[in-house]
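*Asks:* Okay, handing you the structure first.
None of the figures in this text is laboratory data; all of them are computed from the coordinates on show. Quick caveat, the model's predicted, so the values are computed rather than measured. FYI the Cβ positions are ideal-geometry reconstructions off the backbone, even for glycines, and counts take in every protein chain you see.
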Amino acid sequence: MTLWLNEVVAWWVQVVVILGGHVIAVVLAHDSALAEFPRGTATRSQYAMVLIMIVLTMLGLALLAAS
């Protein structure tokens, strides 16, 4: 059986999906915060979430690299 997607391509697809998904989540969360709060408050309210998303991104990429 021939694989139509080799391991290298699959790895890069997973990296792009992890990074893209986390960037989209941060942007959507910030847009939601802007709808609820004034600009300065919305920005400050997102600091913790951005840090958590950075940690989750690093964790996801580390797990992917380990496999």
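*Asks:* Tell me, what is the FRET efficiency for Leu51 and Gln14 to the nearest 0.05, using R0 = 25 angstrom and their Cβ-Cβ distance as r?
*Replies:* 0.65
*Asks:* What is the distance, in nm, between label points placed 7 Å from the Cα along the Cα-to-Cβ direction at Leu64 and at Trp4?
*Replies:* 2.2
*Asks:* May I ask for the Rg/Rh ratio of the chain, computed from Cα atoms with Rh as the Kirkwood radius, given to two decimals?
*Replies:* Ratio of gyration radius to Kirkwood radius: 1.18.
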